[in-house]
Amino acid sequence: MQLTLGPVLFNWEAPVWRDFYFRIADEAPVDVVAVGEVVCSKRLPFFAEHLPVVVERLAQAGKTVLLSSLQLVTLERERRQTAGLAQSEDFLVEANDISCLHHLAGRPHAIGPFVNVYNEATAAFLASRGARRICLPPELPLSSIAAIAKGVPDVDVEVFAFGRAPLAISARCYHARLHKLTKDNCRFVCDRDPDGLPVETLDGEPFLAMNGVQTLAHACTNLLAEAVDLASAGVRALRLSPQRCDMAAVARLFRDVLEGRREAEPASADLARLYPGAPLANGFLHARPGAERVAMEEATAFVVQGMGRRAAPPAAG
Amino acid sequence: MELVCPAGTPAALEVAVDAGADAVYCGFRDETNARNFPGLNFSREEMAAGIAYAHQRGARVLVAINTFPRAGALALWHRAVDDAVAAGADALILADAGLLAYAAEYHPHQRLHVSVQAAAANPDAIGFYVEAFGVKRVVLPRVLTVPEVAAITRAVPCETEVFVFGGLCVMAEGRCSLSSYATGQSPNMHGVCSPASHVAYREARGRLVSRLGNFTINAFAKGESAAYPTLCKGRFATRDGAGYLFEEPVSLDAAALLPGLAAAGVTALKIEGRQRGRAYIEGVVRAFRKALAALAAGRPIEGAGLGALTEGQSTTTGAYRKVWR
């Protein structure tokens, strides 16, 4: 099983962004690293100057580098940027929008979690056009993941396994709206929330996280308990999505569990200590509300059941 | 411009056709379409009869099969495509690339439209669908301004269709898992958003609280009208302020923008609301017929004047005007 570090989804200061990747290159036991601006095209100029040196450092450290494309492309500038990225020959491009695929047809590429791959037919179609890796949408249940992995044995199928799950993208910037600014003159207020701005219900219950034009889960995905069984289901990579915590240590925990050095349960307790700001959740994988955390024994039982032909949801716990 | 109207039931289809719809869109009674609500949609027989009714009166029927097929259960979606073709559908509205590939391969003469759920928001994405599957029309996502709609329409080798009235996604359609985060049920997989089965209301401290799954979506003071708890149109709180952080409970009304959309070269105008009753369908279709007649005669267009028919009883022009920028 490979570990992939997903792209930073938040607006981090450029030097912080650069140093984060330097440390990943030096310390994190991940095989693949996706870099690039996925959420808002206005952020890219800030770290663009650091991109070449970051990519080089990662490659020198033996990481496979993916160049991630923008998720929502509407402006001419964004079209040109996406088309330019797709011309890259040195590294595999990870397409996060169909418009990027338009430029990649016939060349090997990766599919990011923002392209809708919900079934084996779509995965096979994309593979026929050159997709070599597919990171599936975070809301997919295990039964779907297993069927897709079985349907495209030549593709590296990847699952979102750690971090706040991205839930929605919009043409409207919610950070700007909240601060009564326009999107075109946003003053980059999203940089005040490098881990997402907590959105609570009117009861004061944490619910979502705001990140400019993107909305994420408040809960942090944790698939440590399912990692080994995902491997048996044909999944070849787990995606760890950067949050403001020790991501090298997060990667080591996943590596330890995958290689049998640690049990999932104590490792999950360690994970909760590494990222104390949000509860851990795995509901999506178990065909339950994504915000839920399915208990460890139930999670394991479900995985075994999910391998069969009929993937019944778990009994409500 | 062609007026494309919703029909959640055979009765609604007849009302829409009689009120002047050029085309009606509808779906089968299962999870293959994005309005998979109890008591809605068409059996195979109803679909054939509805198509016959429309064709006799010069209207077309577009069959929406626009959820993303469940892995390991593709047959249900394939059958929907086959049956819609057999029933004489004028076009299929599809979102999933795998299903588009199936339809293009097995029904090469069938007219295909790209659903708004496919989130084809620029000429490159639309070009992909045209080249790969020979689609004839794309329904544009509600994330674009009118000038952007015009630029796209000029640039693409197919027709464009835009929403002009009804429920409004503030998130890019087909790319939203908010509903499944709270309820386990999503538009992409189950054809529902913020489903009624997961909605509950309760009184707390003199206020009516609406909940979706385990989360409070809104709270209303006495006398305040309680909007349906669609997740993205709820009231929430942050350290920097509280309120309708994503969107207010409003509906789209782009009637006033029809001249701009006509000048943009848009082929078809779409009305949302397959879950709505006959009075809504009839009122909205007649209002837009009137607006199109005014447009053709060079008279000024008033707003559709349909505030009372909209879900939040107030309207917006959404992303079409540049206010989102």
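Figures for the structure shown
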item: Any hit, segment B:100-110, residues being touching a His at 6+ places or on another chain (Cβ under 9 Å), away from every other protein chain (no Cβ under 14 Å), farther than 30 Å from A:R80 by Cα and crowded, with 17+ Cβ neighbours inside 10 Å; result: no
item: Number of positions in segment A:171-185 that are within 7 Å of another protein chain (Cβ to nearest Cβ), in contact (Cβ under 8 Å) with a residue 60 or more places away in the chain and closer than 23 Å to A:A219 by Cα; result: 0
item: In segment B:23-49, the residues that are of a type in the set (D, E, K, R) and at pLDDT 90 or above; result: B:R29, B:D30, B:E31, B:R44, B:E45, B:E46
item: Odd one out for B:E148, checked against (1) charged (D, E, K, R); (2) within 8 Å of chain A (Cβ to nearest Cβ); (3) farther than 30 Å from A:C173 by Cβ; result: (3)
item: Single residue of segment B:186-209 satisfying the filter (surrounded by 20 or more Cβ atoms within 10 Å (Cβ to Cβ) and polar (S, T, N, Q)) that is farthest from the other protein chains (Cβ to nearest Cβ); result: B:S194
item: Every pair of residues 6+ apart whose Cβ atoms lie under 9 Å, when the first sits in segment A:134-157 and is in a strand (DSSP E or B) and surrounded by fewer than 24 Cβ atoms within 10 Å (Cβ to Cβ) while the second is at pLDDT below 95 and among the hydrophobic types (A, V, I, L, M, F, W, C); result: none
item: B:V170 vs. criteria β-branched (V, I, T) and either under 30 Å from B:A91 (Cβ atoms) or in contact with a Gly (Cβ under 8 Å, 6 or more places away or on another chain) (or both); result: yes
item: Residue under evaluation A:E263, criteria (1) more than 14 Å from every other protein chain (Cβ to nearest Cβ); (2) modelled with pLDDT under 95, criterion not met; result: (2)
item: Qualifying position, being at pLDDT below 95, more than 7 Å from chain A (Cβ to nearest Cβ) and exposed (fewer than 15 other Cβ atoms within 10 Å of the Cβ), among B:S251, B:S225; result: B:S225
item: Segment B:228-240 - residue that is modelled with pLDDT of 95 or more and over 21 Å from the mean Cα position of the chain (by Cα) and, of those, surrounded by the most Cβ atoms within 10 Å (Cβ to Cβ); result: B:F236
item: Search result, residues across segment B:1-14 that are in a helix (DSSP H, G or I) and crowded, with 23+ Cβ neighbours inside 10 Å; result: B:A12, B:L13
item: Within segment A:186-203, tally of residues that are within 7 Å of another protein chain (Cβ to nearest Cβ) and at pLDDT 95 or above; result: 6
item: Residue count, segment B:15-43 (criterion: in a strand (DSSP E or B), over 21 Å from B:A75 (Cα atoms) and in contact with a helix residue (DSSP H, G or I) (Cβ under 9 Å, 6 or more places away or on another chain)); result: 2
item: Subset of segment A:101-133 [within 10 Å of another protein chain (Cβ to nearest Cβ) and in a loop (DSSP other than H, G, I, E, B)]; result: A:A105, A:F114, A:V115, A:N116, A:V117, A:Y118, A:N119, A:R129
item: Residue within segment B:232-246 that is within 14 Å of chain A (Cβ to nearest Cβ) and among the acidic types (D, E) present; result: yes
item: Unique match (being among the hydrophobic types (A, V, I, L, M, F, W, C), out of contact with any strand residue (DSSP E or B) (no Cβ under 7 Å at 6 or more places or on another chain) and within 27 Å of B:L94 (Cα to Cα)) among B:A255, B:A268, B:A204, B:A264; result: B:A264
item: Filter pass, A:E56 being of a type outside the set (G, A, S), under 22 Å from A:R133 (Cα atoms) and assigned to a helix (DSSP H, G or I); result: yes
item: Residue match in segment B:302-321 (condition: among the aromatic types (F, W, Y), modelled with pLDDT under 95 and either in contact with a Ser or Thr (Cβ under 6 Å, 6 or more places away or on another chain) or in a loop (DSSP other than H, G, I, E, B) (or both)); result: yes
item: Hey, A:A168 out of contact with any Gly (no Cβ under 9 Å at 6 or more places or on another chain), part of a strand (DSSP E or B) and either of a type in the set (F, W, Y) or away from every other protein chain (no Cβ under 13 Å) (or both) or not; result: no
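So that you can scan it fast, the table gives a plain yes or no per residue for (1) over 28 Å from A:R79 (Cβ atoms); (2) not small (G, A, S):
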residue: B:G50; (1), (2): yes, no
residue: B:V61; (1), (2): yes, yes
residue: B:L94; (1), (2): no, yes
residue: B:A101; (1), (2): no, no
residue: B:L112; (1), (2): no, yes
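Residues are listed down the side, and each one gets a yes or a no for (1) modelled with pLDDT under 95; (2) surrounded by fewer than 24 Cβ atoms within 10 Å (Cβ to Cβ); (3) out of contact with any Lys or Arg (no Cβ under 7 Å at 6 or more places or on another chain):
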residue	(1), (2), (3)
A:N222	no, no, yes
A:D229	yes, yes, yes
A:D270	no, yes, yes
A:Y275	no, yes, yes
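The values are calculated or read from the model by the stated rules, or taken from the named source; none is laboratory data. Owing to the predicted nature of the structure, the values given are computational and were not obtained by experimental measurement. So basically every Cβ, Gly included, is an ideal-geometry build from the backbone, and we count neighbours across all protein chains shown.
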